[in-house]
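> One structure coming up, written as structure tokens, with questions to follow.
No lab work stands behind these numbers, since they all come straight from the coordinates. Just so we're clear, the structure is a prediction, and the values are computed from it rather than from any experiment. We place every Cβ from the backbone using ideal geometry, glycine too, and count neighbours over all the protein chains shown.
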């Protein structure tokens, strides 16, 4: 049986992958020397001993034409393929995926194993829906360098192989899962209405250009995501019927959860905002459902440190500017007259333009946080809305 008798699934920086009925073959253009072969066998044994969702090759094969191959379990597809065909994942699936991958990275890092090239193409799904990380083995990469720039735009800017680079790769994976697109250097602030602000901020921190600005380790990220999975308990439908719901086969025991704010991530205060709706004849406010409470707010302070200036209404957009202490991350909370609440993380920005619908009334609040707590501005209305807490 030749690899080319199977279905070509694509290629990477070192080899090509072919699918057969129950297995996948990653084929390399030559054979390693005896020393490299021994290193590979030891690496595969070490990977097999790790707990977590790692797809470890089962067999090393030498082909008659002088090539070699790694035989692995055949998975149903990659995250890159899933998002490409079905669009972004539900928030609940993104959280479960992130929790599983962060736990796997934490287990590997504790054993001194790093991936080095974690991308959405290396996140695969078994038939059960369980996500697994492929291409953890690194021994053959420098031996068979076919395309050194393959996937380079998705790797950490420092071009180093290490734990922090793996965290950057996790950020790329979660960004794609949540938004449906790959992150670009000139990407706008991360935004998704139904996503917890803690998740948005965590992804932004994972994608920081400076490794020192990323979370301190995969175990910390795993703890934060496990907490968000618990909080985000509302079930969502699978993306498409052809793909089973995502599952976590081997959950990592949870550590004592560190405060999310220690990572510089954003936690949203419960905001109760009332609007006088169009056509109302009585001054009876209608309560708007607040965002989910994910952290304990800081105590009230006598002088507000977060202050929003009166919004400038431009018709289809509103210009916002505000004051907040240096180093605090900001989020813009917008509530419209129908009760819809939209929160957008803008991190260190202090000005932004918010799209709005002409004729509708809105209230705006700025929330900001650092490692000590969360503060928010007074609410500001436009178009005659009355905002109350």
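> Taking only the alpha carbons of the stretch 150-206, what extent do you get along each of the three principal axes, in Å, biggest first?
34, 20, 17
> Grab the Cα-Cα distance for residue 127 and residue 338, subtract it from 0.36 nm times how many residues apart they are, and report the gain in nm with one decimal.
Values: separation 211, 0.36 × 211 = 75.96 nm, distance 4.18 nm.
Difference between extended and current length: 71.8 nm.
> Diagonalise the Cα gyration tensor of the stretch 3-73 and give the resulting equivalent ellipsoid semi-axes, square root of 5 times each eigenvalue, largest first, whole Å.
20, 17, 10
> Please compute the modelled spin-label separation between residue 139 and residue 59, points set 7 Å along Cα→Cβ, answer in nm with one decimal.
1.8
> With r defined as the distance between the Cβ atoms of residue 314 and residue 19 and R0 fixed at 41 Å, what FRET efficiency is calculated, to the nearest 0.05? Mind dumping the intermediate values first?
Numbers: r = 53 Å, r/R0 = 1.30.
Plugging the Cβ-Cβ distance into 1/(1 + (r/R0)^6) gives 0.15.
> Then there's this: Test of understanding: express the Cα radius of gyration of the stretch 42-193 as a ratio to 2.2 N^0.38 Å, with N the residue count.
Ratio of Cα Rg to 2.2 N^0.38 Å: 1.07.
> Nearest 0.05, what FRET efficiency do residue 71 and residue 110 give at R0 = 35 Å with Cβ-Cβ as r?
For R0 = 35 Å, the calculated efficiency reads 0.80.
> Moving on to the next point. What full-extension length gain, to one decimal in nm, is calculated for residue 152 and residue 357 as 0.36 nm per residue of separation minus the Cα-Cα distance? Intermediate results must be reported in sequence, preceding the final value.
Working: separation 205, 0.36 × 205 = 73.80 nm, distance 4.02 nm.
Gain on extension, residue 152 to residue 357, equals 69.8 nm.
> Can you tell me the order of 85-96, 165-176, 204-215 when each peptide is scored by its average per-residue count of other Cβ atoms within 10 angstrom, highest first?
Going from most to least packed, we get 165-176, 85-96, 204-215.
> At R0 = 25 Å, how high is the FRET efficiency between residue 210 and residue 230 if r is their beta carbon distance? Nearest 0.05 is fine.
0.25
> Which length gain, in nm to one decimal place, applies between residue 349 and residue 4 when the Cα-Cα distance is subtracted from 0.36 nm times their residue separation?
119.0 nm
> Quick one: what Rg and Dmax do you get for the stretch 1-40 from the alpha carbons, in Å?
Taking only Cα atoms of the stretch 1-40, I get Rg and Dmax of 11.7, 32 Å.
> For 68, 363, what ranking results if the residue with the fewest other Cβ atoms within 10 Å of its Cβ goes first?
Numbers: 68 21, 363 24.
With the sparsest Cβ surroundings first, the list reads 68, 363.
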